[in-house]
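The values are calculated or read from the model by the stated rules, or taken from the named source; none is laboratory data. The structure presented is a predicted model; accordingly, all values stated were derived computationally and were not measured. When we count neighbours, we look across all protein chains shown, and the Cβ atoms used for this are built from the backbone with ideal geometry, even at glycine. To get the accessible areas, we keep the full protein, side chains included, count just its heavy atoms, and leave off ligands, DNA and RNA. Shrake-Rupley method; radii C 1.70, N 1.55, O 1.52, S 1.80 Å.
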Amino acid sequence: MSKDDQILEEFTSKEYEHGWNIDMEADQAPKGLSEDIVRFISAKKEEPEWLLDWRLKAYKKWTQMEEPDWANVKFPKINYQDIIYYSAPKQKVKPKSLDEVDPEMLETFKKLGISLEEQKRLTGVAVDAVFDSVSVATTFKDKLAELGIIFCSFSEAVQDHPELVKKYIGSVVPVNDNYFAALNSAVFSDGSFCYIPKGVRCPMELSTYFRINAANTGQFERTLIVAEEGSYVSYLEGCTAPQRDENQLHAAVVEIYAQADAEVKYSTVQNWYPGDENGKGGIYNFVTKRGICAGDRSKISWTQVETGSAVTWKYPSCILKGDHSQGEFYSVAVTNKMQQADTGTKMIHIGKNTKSRIVSKGVSAGKSQNSYRGQVKVMKRAENARNFSQCDSLLMGNLCGAHTFPYIDIENSSAQVEHEATTSKIGEDQIFYCTQRGIDEESAIALIVNGYCKEVLNQLPMEFAVEAQKLLALTLEGSVG
Amino acid sequence: MLKIEDLHASIEDKEILKGINLEVKPGEVHAIMGPNGSGKSTLASVLAGREDYEVTKGKVTYKEQDLLDLAPEERAREGIFLAFQYPVEIPGVSTTNFLKTAINQIREHRGLEPFDAVSFLKEMKEKMKLVDIDQSLLSRALNEGFSGGEKKRNEVFQMAMLEPTLSILDETDSGLDIDALRIVADGVNKLKTKDNATIVVTHYQRLLEYIVPDYVHVLYNGRIVKSGTKELALELEEKGYDWIKEKTIA
C-alpha cells in the first residue's frame, strides 16, 4: 500500500468510526488491531460505555508508544497486526476419562504429584457427581459471599460490580504505563477480580480450590485485587502444570490495591511452554504486575516461581505510599535450553518508615540467559526507608548467562539500603558428595537447587510449595551431563 | 570383600597411584598411613568413584563385582561409604532431608519400600544416640557453618544411618581436638560388626589409638611399601616417615 493510500484509508476509516463492519455474530475478530477491534471486543462483552472509553484511550496511547527494547532479551519482531484479539471461549470436547488425555501430560502430572481428581480438573475431564468440581467451587463461593468477599471473573465483575471496577481499574497500572500494559488495557479478554471488604480475613488461599478457573488465562489477562482496610488475603495464580497455548504473545496486567492495615500475599507459578531445544514455539510472557500500599501499615508480598516461557519480561512492583507500609518480593526464576528471562521488581518508597525486602534467586542452565533487574527508589519525603535486597545467581554449565541490573535511586538521606549479590556454580564436589551417599545425579541437582531456592519456596502456600519443588527438578531435567 | 590389584590412577596425566595391591575381608579394619602427597586420599577417592581421577590400569573387585564399572551412586548403594576429609556444604538442605533422600534411593535400589516419616525419625533417633549428635545440628543446612568437629561427627552420623559394608574414613582425624576425636572414633567402633569392614586413612598414629586396626599399610609415592599389624603404626610414629622414605630409596 502506498503512503497516499494509507492516509486515505486512515481518513476513511475515521469517517466510519461508528459504522464499522465487523460481523458481530462472528466468534472471533479478524486479525489485527484497530479502534474497531477494540469496540468489537467491548461490545461482545456487553461492557458499559465508560469501559469502552477507557479501552479506547488505552488503544490510542498504545499507538503512540514504542515496544520497549531495554530488556536483556532477544526475539523476532512481533507483528501486532497478525494477531487475533478476540475469540469466543470455545466449548472444547471434553475427554471422557484420563485415558484420552495426552500421556506426556499425565506423566508430568505424576512427576509433580498432582492428585487424580486435580488431574481431571486440569485436563477438563468430565467429573462424576461426587467430585463435581463446579459444585465444590460453588460451596466455597457461598462461604466467601457470606463474608462479603467477591471473587469472580473480570467480566462478571464488570457486570455485577461496575462501581468497584471503575474505581480501581488502572489506578495502579495506568493505561499508558508501558507498551504492553497499554495493549492489555485496550484488548484485555478476561481475568480475575477479587475484593476483600473491610476487616475481613479471607479464610482460605484464594484460587487453591479454583485453580482451573484461575488458570483460564487467555492471551491478555487482567487481574484486580482490592483489599479494604484491615483485610487479609492470600491469592494464588498460575499453575505448576505445563501450559501450552497457541497464542505466542501473552501480556497480562495485575493490579493490587491495599488500603490501611491490609495485607495481600500474591503467589504465582508460571510454567508456560518454553519452546523446543532451539527456543521455537515458546511463549512470550510480557507481564505488568504492580501493587500499591495506599494506606498506612499495609503490606504487599509477591512470590513468584518462573520456570516457563521462551521470553519473560516481568517486574512485580510495590508502591509504598502509606506510612509504615511494606513491600516484599520473593522470586525464583529458572531458565534452561534457550529460555530468556528478564525479571525483578521495583520498590518505590514514598511514605515514611516504609520497608521493602527483595530476595531473588536465579538459576540458569543450558544456553539460557537469566537477568535480574530491580529498582529501589526512595522519594524525598520517605523518611527512614529501609530496603534489603539479595540477588543470587546459580549457573549450571558453561553456556548459560546470569546478569544482575540493580538500580538504586535515593532522594532522602535517612534511607538505609542494602544490596547483596552472589553468583555461584553447582560444584562438582557438591554433586559428588550427594552421589557418594547413593543419590543419583539428577536428584542431587534437584536437591541442591531446591536448597538454594528454599527461602523463596518457603513463602509459598504449603501444597503449592511441594509442587513447585518438583517443578524445579523437572525444569532442570537433562541439564547435566 | 574388596580386592585391589595393581591399581594405577592419574589426575591430569600425573600418575598418583602406581600399582596398589590390597585385600580387605569382612570384619577387618585396615589403616592406610603415609606422608602428605603419597596418594592416600587419591586411593579413597578412586574407590568412591570421584571422576577427577582416571584409572589407567588395574582391577578392583568388590562383592564379586567390578567396582570400577559402577557409578558413584551405585557404589554407595552397594554399601561403600566415604567419610570426607572436607565435607561439602549444601546450603538450604538439612542433614535430615539429605539423608532421607539418600536412604530412600538406597532402599529402592535394594528393592525395599521407602521409609515413612515415622520409621525414618525412629531410625534417626537411635543413631543420634549412638554417635552423640544433637538434633539441632541435623535440622541445619548440611555442613553450613559447622565447626570442624561438627562436620566430622555429622559424617559419622551419616555413616551410622547408611549402614555401609565398607567404610572409608579419609583423614577423619584432621582438624579434631582430642575430645572430638574420641567421640568420632567411639561412633566408628560402635558401628563395627563382623560383616563390615573399615579403611582408615590417616597421617597420624593418634586416631589408631582409638580405632584399633588389624592391619597397617604404609603408602609412599603411590605404592604400598610396607604392611604390618598395629605395631607398625607405633614404629612409624617413633621413627617418622623419613624412615620409610630412606628404606624405599635404599
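How much accessible surface area, in Å² rounded to 10, belongs to the heavy atoms of residue B:193 with a 1.4 Å probe?
Only protein atoms counted, so the area is about 70 Å².
For the A and B pair, go ahead and give the buried accessible area with a 1.4 Å probe, both sides summed, in Å² to 100. Kindly include the intermediate steps, with their values, before the conclusion.
Working: alone 22410 and 12390 Å², together 32780 Å².
What A and B bury together is about 2000 Å².
Give the accessible area for residue B:66 in Å² (nearest 10); use a 1.4 Å probe, count only protein heavy atoms, and leave out ligands, DNA and RNA.
70
So how exposed is residue B:109, as accessible area in Å² (1.4 Å probe, rounded to 10)?
Looks like 80 Å² after rounding.
Quick one: length gained pulling residue A:159 to residue A:422 fully straight, 0.36 nm per residue minus the C-alpha distance?
Details: separation 263, 0.36 × 263 = 94.68 nm, distance 4.92 nm.
Additional length available on full extension: 89.8 nm.
Please work out the average accessible area per residue across the protein assembly as shown, using the 1.4 Å probe convention, and give it in Å². It would help to have the intermediate numbers written out before the result.
On the way: 32780 Å² over 731 residues.
That works out to 45 Å² for each residue.
Would you kindly derive the ³J(HN,Hα) couplings of the range A:463-477 from the backbone phi angles with the Karplus curve 6.51 cos²θ - 1.76 cosθ + 1.60 (θ = phi - 60°), listing them in order in whole Hz, with x for Gly and Pro?
With coefficients 6.51, -1.76 and 1.60, one gets 5, 5, 4, 4, 5, 4, 4, 5, 4, 4, 4, 4, 4, 8, 3 Hz.
Using r as the Cβ-Cβ distance of residue B:63 and residue A:441, and R0 as 30 Å, what FRET efficiency do you calculate, to the nearest 0.05? Write out the running numbers ahead of the final one.
Details: r = 23 Å, r/R0 = 0.76.
For residue B:63 and residue A:441, the calculated efficiency is 0.85.
Would you mind computing, in nm to one decimal, how far apart the modelled labels at residue B:237 and residue B:51 are, each placed 7 Å from Cα along Cα→Cβ?
If labels sit at residue B:237 and residue B:51, their model points lie 4.1 nm apart.
Set the Förster radius R0 to 30 Å, insert the Cβ-Cβ distance between residue A:141 and residue A:100 as r into 1/(1 + (r/R0)^6), and round the FRET efficiency to 0.05.
Numbers: r = 29 Å, r/R0 = 0.98.
Plugging the Cβ-Cβ distance into 1/(1 + (r/R0)^6) gives 0.55.
Quick one: 3J(HN,Hα) in Hz for the range A:360-373, Karplus 6.51/-1.76/1.60 with θ = phi - 60°, rounded, Gly and Pro as x.
After applying 6.51 cos²θ - 1.76 cosθ + 1.60, I find 10, 10, x, 10, 10, 9, x, 10, 7, 10, 10, 10, 9, 10 Hz.
Tabulate in residue order the Karplus-calculated ³J(HN,Hα) for the range B:224-234, using 6.51 cos²θ - 1.76 cosθ + 1.60 with θ = phi - 60°, rounded to whole Hz; enter x for Gly and Pro.
7, 9, 7, 10, x, 9, 4, 5, 4, 4, 5
Only helical DSSP H runs with n ≥ 4 go in: add -39500 (n - 2.57) per run for chain B, normalise by residue count and round the 222 nm mean residue ellipticity to 500 deg cm²/dmol. The partial results should precede the final answer.
Numbers: 9 runs with 98 residues, N = 250.
It lands at -12000 deg cm²/dmol.
Scan around residue A:357 for amide H atoms under 5 Å from its own, H built in the peptide plane at 1.01 Å from N, and keep only partners 5 or more places away or cross-chain.
A:327, A:328, A:329, A:388
So who's got an amide H within less than 5 Å of the one on residue A:291, skipping anything under 5 residues away but keeping other chains? H placed 1.01 Å off N, in plane.
Those lying under 5 Å, H to H, from residue A:291 are A:256, A:317, A:318, A:319.
Mind telling me which of B:97, B:143, B:196 comes out most flexible in a GNM of chain B, alpha-carbon contacts under 10 Å?
Comparing B:97, B:143, B:196 in a Gaussian network model of chain B, the most mobile one is B:97.
Under the rule a/c < 1.5 gives rounded, and otherwise a/b versus b/c splits prolate from oblate, where does the range B:137-195 land using the Cα gyration tensor? Display every interim value, and only then the final one.
On the way: a/c = 2.10, a/b = 1.36, b/c = 1.55.
Cα axes put the range B:137-195 in the oblate bin.
What nm value, rounded to one decimal, do you get for the distance between residue B:212 and residue A:107 when each label is placed 7 Å out toward the C-beta?
Placing both labels 7 Å beyond Cα along the Cβ direction yields 5.8 nm.
What is the ratio of the Cα radius of gyration of the range A:224-364 to 2.2 N^0.38 Å, where N is its residue count, to two decimals? It would help to have the intermediate numbers written out before the result.
Details: Rg = 15.8 Å, N = 141, 2.2 N^0.38 = 14.4 Å.
Relative to the 2.2 N^0.38 Å estimate, the range A:224-364 comes out at 1.10.
Under the definition of partner shielding as Cβ atoms of other protein chains within 10 Å of a residue Cβ, what is the mean value for peptide A:424-435? Could you put the intermediate results ahead of the total?
Details: counts 1, 0, 0, 3, 4, 7, 6, 3, 11, 11, 11, 11.
Across the residues of A:424-435, the mean count of other-chain Cβ atoms within 10 Å is 6.
Taking all protein chains together and a probe of 1.4 Å, list B:191, B:121, A:249 from the most accessible to the least accessible.
Largest accessible area first, the residues go B:121, B:191, A:249.
Quickly rank A:253-263, A:437-447 as a protection proxy: mean count of other C-beta atoms within 10 Å, highest first. It would help to have the intermediate numbers written out before the result.
Numbers: A:253-263: 24.8, A:437-447: 22.1.
Per-residue mean Cβ counts within 10 Å order the peptides as A:253-263, A:437-447.
Based on the Kirkwood radius over alpha-carbon pairs, what is the Stokes-Einstein translational diffusion coefficient of chain B at 4 °C with 1.567 mPa s viscosity, in µm²/s?
Working: Rh = 18.7 Å.
Estimated diffusion coefficient is 69 µm²/s.
For the protein assembly as shown, with the dipole built from +1 on Lys and Arg beta-carbon atoms and -1 on Asp and Glu ones, taken about the Cα centre, which of B:1, B:37, B:146 lies farthest toward the positive end?
Looking along the dipole axis, the top candidate is B:146.
Stick to Cα atoms and the Kirkwood definition of Rh, then tell me Rg/Rh for the range A:366-442. Numbers along the way, then the final one.
Details: Rg = 18.5 Å, Rh = 15.3 Å.
Rg/Rh: 1.21.
In nm, to one decimal, how far is the residue A:49 label point from the residue B:190 one, both placed 7 Å along Cα→Cβ?
Modelled inter-label distance: 8.5 nm.
Over the protein assembly as shown, what portion of Cα pair distances is larger than 53 Å, expressed as a whole percent? Spell out each step's value before the answer.
On the way: 68162 of 266815 pairs.
Value for the protein assembly as shown (Cα pairs over 53 Å): 26 percent.
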